[in-house]
């Protein structure tokens, strides 16, 4: 699914009645989304935002007015024009001397289109000088419809979603809520929360059935860094889904918001994606390459939920001291837990001279491995004895299986040659559940039972 995100920069040549300079640069951000109206028609919404301080103003009746004209052409598959529409944007201020930079105003145009519409052209220009214009050409996002006539609309990202009021701008209203679009798709600075809105139709054939909804934020490499899951009963009519994700701690760069719908059995049904950007004060003054390693680590840990922070501590509690375990148990707030984990990892960073915390990176790689290899029933791999040892010491130099004769339960012996002059860890499936328990080790800090063979016997 293709989306367009355009930074439109152009110079408007202005006459002597215009306020300011001989020439003024205008910055316009634009985005669009498509929503389904019925089986034959869709609603194309085009969003535009502008910084009022970059517009060119004429004085009129002691007020200052700036005007932009917008012409939109809708094209079909044969590139034939099927709609030609004109809109205007008029912006009035009391005093041009009080204008502030980076104060953005949004506008939205709603256009009814049929299923034959595939592209649109938009021309935006200064009313006082039509020669200075910018042209936008974009493919209209296609709404995917399943054989069962299910569909999911585009995702609209927004500055804010709130209840409809008398002051609401009509173009932003969707039933009982007002969705204020963010055409730039930039977040950070004062916009620390990403709001999203989309519509789904007929995903549920049975009113009592739960639909699984998964929401991910992925970085440029496709790695999931924010994940939310919940179930919801959807009706057969149009359902509005909207929410908010805190992006305050994301590192500067491009990200992907993905929403996936699954049936009650966890089978994928439909999904949508939307790109957005982080351009925050936290990173704008220093990008990730210039951050201190502690700041960078805190930013990565800080995007986790409290539940994810608690799980991370469960992973590392085997390496924590008794005092650290007691201290973490007393923590309540998200900020306190982020600070604790940041300090914990910083103290054991194998190479503090680099921006990454290599110890944490390697540990999390090992966690991913043991969760795939050693998970048993409801117990995750890192919670098992083999998982714990693997996370602490890495891959064994040798793994020997079922080394003893007789009526012996399944067992494994792991050897590490470089630890304490050489150590072994003996694991056995003592209760036949495939959960291999540590029954003996020559490591100084582990259980030692030199009669371990007796525990192996059936």
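See the values below:
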quantity	calculated
Lone unmet requirement of (1) at pLDDT 90 or above; (2) within 16 Å of residue 389 (Cα to Cα) for residue 445	(1)
Qualifying residue in segment 377-385 (condition: surrounded by fewer than 12 Cβ atoms within 10 Å (Cβ to Cβ) and not in a loop (DSSP other than H, G, I, E, B))	no
Tally, over segment 406-423, of residues that are farther than 18 Å from residue 390 by Cβ and either out of contact with any strand residue (DSSP E or B) (no Cβ under 7 Å at 6 or more places or on another chain) or part of a loop (DSSP other than H, G, I, E, B) (or both)	4
Residue match in segment 89-101 (condition: assigned by TED's automatic domain parsing to the domain that holds residue 50, more than 18 Å from residue 51 (Cβ to Cβ), modelled with pLDDT of 85 or more and touching a helix residue (DSSP H, G or I) at 6+ places or on another chain (Cβ under 9 Å))	no
Flag for residue 70 being more than 30 Å from residue 261 (Cα to Cα), in contact with a helix residue (DSSP H, G or I) (Cβ under 8 Å, 6 or more places away or on another chain) and either in the same structural domain as residue 172 (by TED's automatic domain parsing) or modelled with pLDDT of 85 or more (or both)	no
Any hit, segment 368-389, residues being closer than 30 Å to residue 294 by Cα and in contact with a strand residue (DSSP E or B) (Cβ under 6 Å, 6 or more places away or on another chain)	yes
Single condition residue 341 does not satisfy, out of (1) crowded, with 19+ Cβ neighbours inside 10 Å; (2) without any contact (Cβ under 8 Å) to a residue 24 or more places away in the chain; (3) in a helix (DSSP H, G or I)	(2)
Some residue of segment 358-376 being over 28 Å from the mean Cα position of the chain (by Cα) and surrounded by 13 or more Cβ atoms within 10 Å (Cβ to Cβ)	yes
Verdict on residue 388 being over 27 Å from residue 297 (Cβ atoms) and under 40 Å from the mean Cα position of the chain (by Cα)	no
Extreme residue, surrounded by the fewest Cβ atoms within 10 Å (Cβ to Cβ), among residues of segment 229-265 that are in contact with a helix residue (DSSP H, G or I) (Cβ under 9 Å, 6 or more places away or on another chain) and either within 23 Å of residue 181 (Cβ to Cβ) or at pLDDT below 75 (or both)	253
Cross-chain or 6+ apart pairs with Cβ under 6 Å, segment 385-401 first and closer than 12 Å to residue 438 by Cβ, then in a loop (DSSP other than H, G, I, E, B) and modelled with pLDDT under 95	386/374; 386/436; 387/374
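The values are calculated or read from the model by the stated rules, or taken from the named source; none is laboratory data. Remember, it's a predicted structure, so these values are computed and weren't measured experimentally. Neighbour counts run over all protein chains shown; Cβ positions are idealised from the backbone, glycine included.
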